[in-house]
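Below is one structure, written out as structure tokens; the observations come after it.
Nothing in this text is a laboratory measurement; each read-out follows from the coordinates by a stated rule. Just so it is clear, the model here is predicted, and its values are computed rather than measured. No Cβ is skipped: glycine too gets one built from the backbone with ideal geometry, and neighbour counts run over all protein chains shown.
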Amino acid sequence: MDYAGLEPSCNLTATFDLGDGGTTTLTATLSYIYFINIANPDGYTVSDVRVTGPSYSDVPTVTTATLPGGTSGTNYTAPALSASGGTAPYTFAATGLPAGLSLNASTGIISGTPTKAGTFAVDITATDSTPAGIGGPLVSTTKTLTIVVNTQTKTVSTGHVTLRVASTGGDGTFRLTTTGTSGLSGNVATSGGSGQLSASGVPAGTYGATISLPDGFALTAVTCDDTNSSGSISGNSATIRLAVGETVTCTFSAVNARGKAVAAIHRFMNYRNDQLLNNGPDRKRQIDRLMQAGSSGQSTSVGYGYSSPTEQNVDVPFSKQFGVSQLGMSMPGSGSRRSGQLLLGSEQSGEGSSPVRLSGSNDGPMQFSFGTSLSDVLQHAERNDANKLASMSALGFSPGSLPRSSSSPAFDVWVQGRYADFSDERDQADLDGHIGLLSVGADYLVSDSLLIGAWGQFDDMKQRSASLQTEITGSGWLAGPYATVRLSQHLFLQGRAAWGRSNNDVSPFLTYTDEFETTRWLAATTLAGQWQFGPLQFSPSASMGYIEDKSEAYVDSLGVSIPSVKANLGQLTAGPEISYKIDIPNGVMLRPQIGIEAIWNFATNDIIEVADGSPAGPPGLRGKVNIGLQAVTPGGISIEISGNYDGLGVEDFDAVSGTAMFRVPLN
């Protein structure tokens, strides 16, 4: 009897019929027997042969039909693998799984996170629990299943944040601190007015950022370019609300308030100092008074009279009085004295009244005003001649024999004005502006060798730079004594001093305006000569002066402390002036004149820190040319107009100005 197709480890049981009614059984365990031949013993017949144990139908089979798909980067878990046949329980094996997945052999569960997309063929087998003694365990045939891993559709959960610093008026190092995220905290040094910190992959959320400013800087704005983030100037902070996938830029805008203000103030005071030092009392007028006194042989006295040829003193129709805090004049009938004021002439027209009316007050800001008209001037000249005729008649002179006096009056009052437009293009500073000065004074001719006087000056100036975005306006005053001494017939020494204050408005960025005050003083001396060659007059001079202007410290509109700024200027000037006298038939004398002057500014300043790098004032050597015309009437009334150009030899700097002076003798 033959049996084929038996599985390994089968149990074979054979029963033999002995023919006498008896049987016998043979039991054997067969291993890997594919063909069995049983021979009958002599006299015996095999009645039955049975094989028990596993057969082909008892080998395990993987029954799982499909595996679910997955997504890369996403957790994956498949249902447990299943099998049938053989002997349970089963263990499983798999090859070709996608990267990131693994199989639990005992549970049959494939799980993990696939890292790569694609279609993967997975070979799976099941092994049963058939004991080894009967040929187990049994392994199923391989079953191939497919797992499809899809590409992940990314959902962004982060954003991008930029913190930017914009500085105006100079660069600096700023400290940014951001809570809740890295990469947005650190120092930012601006260059050309800009610097920033940026971070990508910032988780969506709300963050707070604060800025610490360098000394002298002030925060002017905090802005963010989305709709829900915000900034606070008072808190020096920004609140950033970052959404998924959003890019947000927040800008902290700061200004170098201290550096810009100091630079603007320094530049303004330097230029104004230059103008104040160049425009004091008229030196030529003082020399002319001494020259006239010396040539006439006139004697003068404090009682204000003059000596006639017969040495008799005749009182003029007004007198002088001096007080501690005032200079007043009284005139018969209408004169008056007022505390803290200088009043010349009467308040109504009458004999002895002056065509020039001046007033001033030291109760608060210094104020000056004056008024005159051509009719007042003519009437004054007529009254003056009439008074002279009457006085000379009393001394025995006949009206027809009255000589015209060429002497200088002992007491004189003068007024002069100046207005200048200027432009300074050096170093792209683009400075434009104007300055106006009004000076008044009075002097007394002590002798033909000494003239003493007092003067006051009011100034108003504006300076603006379109490129630097700055503007300053200021007005102030100066007051003090002056004197001229004759050293020889043609050589004179002059000196003046003054002290004063100014009130100013500064706009360092043209966005806000602050006020500051200054205290100033000056001293100057001049050595001048005057020679006459017929109608030609030659007047050389050399001067040295020093002026100092110091501002008071203040806190600006942004809360930044602005320190005191001191601007000092030392100046040497030298040059000749030539004039020519022309007499016209009606008795009026005309004197055209031309002068050229070299100016050297030499003093340094205590504060040199200029934030924008531009110079503050016209330093070094430059030249100035002046052309003018003077007219003097027979009555001593003098009118002088002149114009000058300042800036010779200096590139991109020029100033054109005009001066008008009107002088009327009061005797």
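Under the simplified labelling scheme, the residue 487-residue 596 pair shows an inter-label distance of 2.4 nm, with each label point 7 Å from Cα along Cα→Cβ. Spin-label pair residue 233-residue 162: with each label point 7 Å from Cα along the Cα-Cβ axis, the two points sit 2.4 nm from one another.
Annotation: peptides 80-89, 471-480, ranked by per-residue average of other Cβ atoms within 10 Å with the highest first, follow the order 471-480, 80-89.
Between the range 235-268 and the range 149-222, the alpha-carbon centres lie 12 Å apart.
The local environment of residue 535, defined by Cβ-Cβ distances under 11 Å, has a net charge of +1 under the rule Lys, Arg +1 and Asp, Glu -1. Protection proxy ranking for 66-77, 513-524, using the average of other Cβ atoms within 10 Å per residue and placing the highest first: 513-524, 66-77.
Scoring 412-419, 498-505 by mean Cβ neighbours within 10 Å over their residues and listing the highest first yields 412-419, 498-505.
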